[in-house]
Structure formats: structure tokens, C-alpha cells
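Notes to accompany the following structure.
Taken together, the values in this text are just the output of simple stated rules run on the coordinates, not laboratory data. Quick caveat: nothing in here was measured; it's all calculated off a predicted structure. So basically every Cβ, Gly included, is an ideal-geometry build from the backbone, and we count neighbours across all protein chains shown.
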Amino acid sequence: MIPWLDIDTPFPSVEQALREPDGLLAAGFDLSPARILDAYRHGIFPWFSEGQPVLWWSPDPRMVLLPADVHITRSMAKVLRNRPYEVRCDTAFETVMRACAEPRDGVAGTWISEDMISAYCALHAQGYAHSVETWVDGQLAGGLYGMAIGRIFYGESMFSRVRDGSKIALIHLARYLESQGFALIDCQMNTSHLGSMGGHEIPRREFCRIVSAGNRSGMPPGRWPADCIPPFFRH
């Protein structure tokens, strides 16, 4: 059983963390920007359903993606070269979050609650949370959002309204992060989709070591320019 923790209690270290299924560490706390930032800096993230207490996770192993290792198939490279699209950053953050919260495949419900949207919009205003958006014919066709702290990008969720909409955003994000010296993209949980894009699992101990090092350098918080990610070019 995960104990309820007093709001002023510090997060347990990973070494002290309870060994619960899928890395569930604690229940409780609030969703203040300061609390969420402290969690990410310790390799922990919030994830819970409506009606549950705030649940905090640090899975072992952890799914990650190295920016330089994002996998682009031949068919996807053709899409990147030939399909008309535009990639923008931070022009529709809340819209991207709400799109990620929409039901998928007829399944109702989402973990992206109004409280989560409010919390991450506050972090977006502070320059920590970012959206990467795929636009086609002036319409938002896909995208993703996550947190940039130091040299780590913590991916949260993605969506597509057209085929490959989220893949386009992820590939361009990885290219941009590589150019800015980011160490890795945190994918949190293992999925076949992220595995097909080059994601792989590493031990939590190694993940937390990389996060600790990444906290000490990197880009300062701030809104990313809308056009900071250039078009994809054939290499």
C-alpha cells in the first residue's frame, strides 16, 4: 500500500523508493509548479485518473529515446520530404494538451484532467512546458507536449488527427533537441509505438544518474520560438 504523505514531506530518494508495481512511489501532495519541477528533477512524474489522489511514479526500467537515435523509416523519410506540413513550437500549448486528452479508440476517460491542464499551463507560462505542433493546411494535425529541464526533455503525451501527425512532431523535436545538446527524451512508459521510433529501456538507477547530470546544465527556461525547429531536409 502506498502511504499518504504530508504535503511538506520531501520526495523519497530513488534508493528509498517503495518497490511497487510499475514504480508507484507515493500518493498525495499537490500539483504546484514547484512540486512538479522537484519531482521531475528526481526522475518522478505525476500520473493519475480522475477521482484518484495525485500518484507519483518512477518506473524501473525507464523508457527513453536518445535524440540522435530517433528511427526514421524509408516511408517516413518520404513523408517528411514530400508531405506539405509545418512544425511550430509553443503556439497552441493548451490546445495540444486538450487534444491529447480526447478519447481514443472509443475509450472514454483520460489522465489529463483539468487540474493537470491548469498545472502544466502554469509551467508553460514559466517556460518549462512546451508543445511541438504539426500543422497541415492551417489546421492542427498532431503534436506532443512535455517538460524541458536542463538537458532532459520529459515527454508527456502526443496525439494525431492525421496519419503520422505525432511522428512528424517527435522526429522534429528530436532533431532540435540534438542540436541543443539535450541528453535524452524521457518516454516514461514502454509502448510499441515509441519502441518503433527508437525508444529503449534503461535501469532506473542509470536514468536518475543522467537526470542528475542533466539538471546541472542546459537551456534556461523560456518559451521556444514558434519557428525554432527548421524544416526536415534530406541528408
Name the residue farthest towards the positive end of the dipole of the chain from the options Q180, I152, S75, assuming +1 on Cβ of Lys and Arg, -1 on Cβ of Asp and Glu, about the Cα centre.
-> S75
With the chain treated as a Gaussian network of Cα nodes joined by springs under 10 Å, which of T95, T134, T191 yields the largest mean-square fluctuation?
-> T191
If you plug each phi of segment 74-88 into the Karplus form 6.51 cos²θ - 1.76 cosθ + 1.60 with θ = phi - 60°, what whole-Hz ³J(HN,Hα) values come out, in order, with x for Gly and Pro?
-> 4, 5, 5, 4, 5, 4, 5, 7, 10, 6, x, 7, 9, 10, 10
Out of P84, S166, P103, whose Cα points farthest toward the positive end of the dipole of segment 63-214 (charges: +1 Lys, Arg; -1 Asp, Glu; placed on Cβ)?
-> P84
For segment 102-231, the spread of Cα positions along each principal axis, largest first, Å | 40, 32, 31
In square nanometres, what is the average projected area of the Cα convex hull of the chain?
-> 12.6 nm²
Size of the dipole of the chain about the Cα centre, Lys and Arg at +1 and Asp and Glu at -1 on the beta carbon, nothing else charged, in debye to 20?
-> 1040 debye
Which value, in Å³ per residue, describes the convex hull spanned by the Cα atoms of segment 167-235?
-> 116 Å³
The Kirkwood hydrodynamic radius of segment 105-175, taken as the inverse of the mean 1/r over all distinct Cα pairs, in Å, comes to 13.1 Å
Computed over segment 63-107, the Cα gyration tensor eigenvalues, each multiplied by 5 and square-rooted, give semi-axes in Å (largest first) of 24, 16, 15
Equivalent ellipsoid dimensions for segment 20-85 as semi-axes, Å, which come from the Cα gyration tensor, largest first = 35, 15, 13
